[in-house]
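The values are calculated or read from the model by the stated rules, or taken from the named source; none is laboratory data. Remember, it's a predicted structure, so these values are computed and weren't measured experimentally. Please note: Cβ atoms are built from the backbone with ideal geometry, for glycine as well, and neighbour counts cover all protein chains shown.
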Amino acid sequence: MNIISLFRDAWKITSRAWPLWTLAVGFLISIVPAVLLGGTLGGLSALLTLQTPTDSLFWIETLRQTPVWQLILLWSVALIITVFTSALTYICQAAMLRGATLAAEQGSVSLGAALALGWRRVRTILILSLTFGGIIAIFSLLPPLAVFITVNYDPQLGSVVLQGAQLFTGPVGTGLSLVLFLIILVVAVEDVRLRAAPGRAWTVFRQGWWALLVVFIVSALAGLPLMILLVPLIIIVPLGVMFGTTAGVLVTLVCCAGVAVVGIPYLLLTFVFTTVLYALTYQAAARLADATQPPVST
């Protein structure tokens with residue numbers, strides 16, 4: 001497996017296969033509800049743990065007095081919406097992976113060909129989304145739920161619970177997300193049946209784990225500039241919300257617009273490139289795996 005060649009081919013496909021960019025836009029749009037809901041619940045849980053709210057944050061006390069059952073109901077609705085919208089993101093991602101493999105094999109790919117996943121692929125992805133994806137969503141939204149339950153007893157206890165839950169659910173959720181992505185990668189590229197997909201994923205992973213690890217590291221490093229770009233938002237947006245002045249709102253809007261102009265094209269570029277790179281790396285690892293044992297039954 002020539003990793004340099006894979007990088008070169010991935011860049012060639014990224015620069016030419018514009019249907020993959022269209023699918024990437026669809027992916028980003030479909031993931032917005034989950035991101036907004038997760039951020040809203042996380043922000044509410046953090047506000048509920050504040051010890052000494054200022055006069056400008058008097059509404060935190062009102063929020064803290066909200067009955068627990070209403071907060072849990074809000075959490076449940078957010079969970080359901082997150083699970084179902086995540087299913088759409090997985091389908092978009094599978095179409096990108098399939099499109100990348102078609103582009104590698106045929107030299108080009110159309111949007112229709114990439115979306116032609118077939119009923120078996122779609123059904124498998126939906127089952128994975130509603131089961132495995134549901135478990136991941138629960139883990140990601142568990143810290144706010146823990147705060148909603150405990151904060152009415154003691155805000156300080158809620159803060160401790162929030163930090164402890166994040167330390168636990170973060171690594172577990174990340175690990176489960178990687179496993180789910182690898183299984184969806186198998187389904188998207190090879191249309192493997194649901195029962196055979198985990199075993200096939202493990203077989204290919206054992207053969208090409210080092211190359212997949214390189215791609216994962218590259219993906220993480222590619223996200224660093226975007227994280228640095230978001231630093232002003234992390235600082236300015238909370239200040240604008242806390243003080244609520246006209247100047248604070250205007251500065252927040254300008255900062256968001258500036259980040260969007262630079263960040264969205266960069267995000268699309270890195271997302272398409274790394275997705276294509278994952279697909280090509282998987283194909284190469286699968287060929288090596290099949291050279292040592294019979295291919296999996298599809």
Could you run through the stretch 142-165 and say how many residues are buried (at least 16 other Cβ atoms within 10 Å of the Cβ) and either modelled with pLDDT of 85 or more or polar (S, T, N, Q) (or both)?
-> 3
Subset of the stretch 166-180 (residues that are modelled with pLDDT of 90 or more and either surrounded by 17 or more Cβ atoms within 10 Å (Cβ to Cβ) or more than 25 Å from F7 (Cα to Cα) (or both)) | L180
Which residues, counting only those in the stretch 183-208, are free of Cβ contacts under 8 Å to residues at least 24 places away in the same chain and assigned to a helix (DSSP H, G or I)?
-> P198, A201, W202
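From the list G112, G133, which residue is at pLDDT below 90 and within 25 Å of L20 (Cβ to Cβ)? First the steps, then the outcome.
Values: G112 fails: at pLDDT below 90.
Selected residue: G133, the only one of G112, G133 that is at pLDDT below 90 and within 25 Å of L20 (Cβ to Cβ).
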With the checklist (1) polar (S, T, N, Q); (2) more than 19 Å from the chain's Cα centre (by Cα); (3) surrounded by 14 or more Cβ atoms within 10 Å (Cβ to Cβ); (4) modelled with pLDDT under 90 in hand, flag the one item T246 doesn't pass.
-> (3)
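Which one of these is surrounded by 24 or more Cβ atoms within 10 Å (Cβ to Cβ), within 22 Å of L176 (Cβ to Cβ) and under 20 Å from the mean Cα position of the chain (by Cα): T124, T131?
Numbers: T131 fails: surrounded by 24 or more Cβ atoms within 10 Å (Cβ to Cβ).
The match here is T124.
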